[in-house]
Amino acid sequence: MKKNYRLALMGILSAIIVVQNFVPFLGYIPIQPFNPTIIQITVIIGAVALGGLHGAVLGGVWGVVCLFRAFVLPTSPIDPIVFTNPLVSVLPRVLVGLAAGYLFAFLKKIKTPPMAGAAICGVAGSFVNTVFVLGTIYLLYKVPYAEFYGMAAEELLPAILGVVGTNGVAEAIAAGILTPVIVRALPIKKL
């Protein structure tokens, strides 16, 4: 694949990520008290189509925009508390791209059918985002996060596991369905 084409696709996917962060319902679906996200699908698509390092860059774009947004245009009152920390806002998103890209390369190497591999990467990448974001929030901000939602700190872990089981599963299913369909439509990667 030509270098200029890869660069153009990275630019397009980065622009989509920025737009998804700022336009309601394109990246975050505001269902209170949570904000399920579908932005990870764009990162996963880039990782599957272009590789893990490009996926990490796209995840970094998402994370930096999320960090910036937490400072200037938070989606909830808790965002400035937790998402201004790059360990919560940036690192998990970079890991989404790395995990999806390298998992796809591994699945390709062991001769997994490409559409199945892309679907697996969609599910895995989505869970990486959910587990690492909520995990770092729990580890670093357990008390303020629990207080924000009006619960004791001891009640937070079951609540977070509930989010993983509901939002996390729904996000993973969406990513598992959409990733192979969209990547197959890209002219650079025939699945």
> Going toward the positive end of the dipole of the chain, with +1 on Lys and Arg Cβ and -1 on Asp and Glu Cβ, which of I45, V72, T130 do you reach last?
Replying inline: I45
> Any idea what Rg and Dmax come out to for the stretch 133-191 if you just take the C-alpha atoms, in Å?
Replying inline: 17.1, 51
>> From the helices alone, meaning DSSP H stretches of at least four residues, give me the mean residue ellipticity at 222 nm for the chain, per-run term -39500 (n - 2.57), in deg cm²/dmol to the nearest 500.
In response: -24000 deg cm²/dmol
> Which value, in debye to the nearest 20, gives the size of the charge dipole of the chain about its Cα centre, when Lys and Arg are +1 and Asp and Glu are -1 at the Cβ?
Replying inline: 1220 debye
> With axes computed from alpha carbons, what is the tilt in degrees of helix 169-185 against the longest principal axis of the chain, rounded to the nearest 10 within 0 to 90?
Replying inline: 20 degrees
> Over the Cα atoms of the stretch 35-117, what Rg and Dmax result, in angstrom?
Replying inline: 14.4, 47
>> So if I place +1 on the C-beta of Lys and Arg and -1 on the C-beta of Asp and Glu, and nothing else carries charge, what would the dipole magnitude of the stretch 136-191 be about its Cα centre? I want it in debye, nearest 20.
In response: 580 debye
>> How large is log10 of I(q)/I(0) for the stretch 91-135 at q = 0.17, 0.22 Å⁻¹ when the intensity is taken from the Debye formula with one equal scatterer per alpha-carbon?
In response: -0.43, -0.65
> What's the angle, to the nearest 10 degrees (0 to 90), between helix 39-50's Cα axis and the longest principal axis of the chain?
Replying inline: 30 degrees
> Counting only heavy atoms of protein chains, what accessible area per residue, in Å², does the chain have with a probe of 1.4 Å?
Replying inline: 49 Å²
>> Please give me, ordered by residue number, the trypsin sites (Lys or Arg not before Pro) of the stretch 1-108 that lie in loop per DSSP and have at most 15 other Cβ atoms within 10 Å.
In response: K2
>> Past the 18 angstrom mark, what percentage of all C-alpha to C-alpha distances in the stretch 84-191 do you count?
In response: 56 percent
> What number of lysine-lysine pairs in the stretch 97-191 show an alpha-carbon separation below 21 angstrom, given a sequence spacing of 8 or more or placement on distinct chains?
Replying inline: 6
> When the Debye formula is applied to the Cα atoms of the chain, each taken as the same point scatterer, what base-10 log of I(q)/I(0) results at q = 0.17, 0.20 Å⁻¹?
Replying inline: -1.04, -1.38
> What list of whole percents do you get for P(r) of the stretch 114-161, with Cα-Cα distances grouped in 10 Å bins up to the one holding the largest distance?
Replying inline: 26, 38, 20, 13, 3
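The values are calculated or read from the model by the stated rules, or taken from the named source; none is laboratory data. Predicted, not measured: the structure shown is a model, and the values here were computed from it. Glycine gets a Cβ as well: all are built from the backbone with ideal geometry, and neighbour counts include every protein chain shown. Accessible surface is based on the protein model in full, side chains and every heavy atom, while ligands, DNA and RNA are left aside. Shrake-Rupley method; radii C 1.70, N 1.55, O 1.52, S 1.80 Å.
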